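Scroll down for the structure; my scribbles are underneath it.
The values are calculated or read from the model by the stated rules, or taken from the named source; none is laboratory data. Here the structure is a predicted model, which is why all the values come from computation and not from measurement. Cβ placement follows ideal geometry from the backbone for every residue including glycine, while neighbour counts extend to all protein chains displayed.
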Amino acid sequence: MKKYWSIFKIQLINSLAYPGELIGRSLMILPFMWIFYQLWRVTFAAAGADEINGLTVAMTVWYLMLAETIELSRPRLGNTISDAVKDGSIAYILSKPYDFLLYHYSSSMGETIFRGLINALLGGAMVWLLVGPPPDALGWPLVAITVFGSWTLNFCIAAMIGLSAFIVEDISAFQWIYQKFAFILGGLLIPLDFYPAWLQTIAHAMPFASMIYGPARLFVEPSLPAFAATFGMQLAWILGLSLLLVFFYRRSLVHLTVNGG
């Protein structure tokens, strides 16, 4: 595993090589938080309630801050694999003495961590100014574990979408579908607590809720039972999707056509 640890560290260092780009992309979270605060402040006021389905305005905005941090920190893995197929560099990558999937996983995690920290710091500072201090810091270590699980789960799905480029080359349609499922069933824009009961049941049965809603909900209302439920569901999905990913990778190699020179 030393080679993958080295890949992780190299990518971690590379992500700091252009701090302006790193911070510039992370600044996107600031207007998002301002818009969400204004939207939900008006929504709660119109409902005439300080709390809706167990969430206050402050809890809702802090929830959305972590949800956006998870989403905005994800690397564009599908595009990376697709571009390698289109320009032919995939042949060079596959010939290297490392596992293709573990290489991309190590690289993705190295790229994600600092971006996630910057997003959390900037978004957290904005939300603190808008609604007050964050939830109890004692729950943050548990939240960090589930965020890492979220990024791992996202890797499994994003890698499968990227591997579809071995067959179809253009993966933009698959990425669009995945993004919209994550937005709606993952609770990125609206916490699942505000959904109708039947839609909540469907959402909780999908992996997207474990990727976004679970960690974000744990952040605003931390507890050991909630952590166990969220992390347990993540592990189950990661195990199942990892096996499917390995199978899909091996089958995709058969259909790969290398372009470029």
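Please determine, by comparing only the residues of the range 140-168 that are in a helix (DSSP H, G or I), of a type outside the set (A, V, I, L, M) and modelled with pLDDT under 90, which one is surrounded by the fewest Cβ atoms within 10 Å (Cβ to Cβ). I'd like the intermediate steps shown before the answer.
Start the filter on the range 140-168 by keeping residues that are in a helix (DSSP H, G or I), which leaves 140-163, 165-168.
Among the residues that remain, those that are also of a type outside the set (A, V, I, L, M) are: 140-141, 146, 148-152, 154-156, 162, 166.
Pick out the ones that are also modelled with pLDDT under 90 and you get 162, 166.
Numbers: G162: 25, F166: 22.
Only one residue tops the list, namely F166.
Applying the set (1) within 30 Å of R250 (Cβ to Cβ); (2) basic (K, R); (3) in a helix (DSSP H, G or I) to K96 leaves exactly one unmet item: (3).
What helices (runs of 4 or more DSSP H) completely inside the range 169-261 contain at least 3 residues that are surrounded by fewer than 18 Cβ atoms within 10 Å (Cβ to Cβ)? Full working, then the answer.
Details: elements: 172-185, 197-204, 214-220, 224-255.
Here the list reads 172-185, 197-204, 224-255.
A count restricted to the range 1-55 and to residues that are in contact (Cβ under 8 Å) with a residue 60 or more places away in the chain, surrounded by 13 or more Cβ atoms within 10 Å (Cβ to Cβ), over 13 Å from E111 (Cα atoms) and over 20 Å from the mean Cα position of the chain (by Cα) stands at 6.
Checking each residue in the range 80-93 for being in contact (Cβ under 8 Å) with a residue 60 or more places away in the chain, over 16 Å from Y178 (Cβ atoms), of a type outside the set (A, V, I, L, M, F, W, C) and in a helix (DSSP H, G or I) picks out K86, D87. The requirement of being at negative phi, of a type outside the set (D, E, K, R) and in contact (Cβ under 8 Å) with a residue 60 or more places away in the chain is satisfied by L77.
Do we have any residue at all in the range 103-116 that's of a type in the set (V, I, T), under 20 Å from L243 (Cα atoms) and at pLDDT below 90? Reasoning before the result, please.
Within the range 103-116, the first condition is being of a type in the set (V, I, T), and the residues that meet it are 112-113.
Next cut, under 20 Å from L243 (Cα atoms) only: none.
No, there is no match, as no residue in the range 103-116 is of a type in the set (V, I, T), under 20 Å from L243 (Cα atoms) and at pLDDT below 90.
A count restricted to the range 190-232 and to residues that are among the aliphatic types (A, V, I, L, M), under 19 Å from I157 (Cβ atoms) and under 19 Å from the mean Cα position of the chain (by Cα) stands at 8.
Out of I70, I81, I118, I90, which single residue is crowded, with 19+ Cβ neighbours inside 10 Å and over 24 Å from L153 (Cβ atoms)?
Just a single option satisfies the conditions, and that option is I90.
When G116, G124 are checked against the criterion of being in a helix (DSSP H, G or I), under 24 Å from D193 (Cα atoms) and of a type in the set (G, A, S), G124 stands alone in meeting it. Looking across the range 160-199, the residues that are closer than 30 Å to I90 by Cα and among the charged types (D, E, K, R) come down to E169, D170, K180. Does L101 qualify as being farther than 22 Å from I29 by Cα and part of a helix (DSSP H, G or I)? Yes. Taking (1) surrounded by fewer than 22 Cβ atoms within 10 Å (Cβ to Cβ); (2) within 22 Å of G232 (Cβ to Cβ); (3) of a type in the set (G, A, S); (4) under 17 Å from the mean Cα position of the chain (by Cα) in turn, S107 satisfies each apart from (2).
Take the conditions (1) without any contact (Cβ under 8 Å) to a residue 40 or more places away in the chain; (2) part of a helix (DSSP H, G or I); (3) surrounded by fewer than 19 Cβ atoms within 10 Å (Cβ to Cβ); P133 misses just one of them, which is (2).
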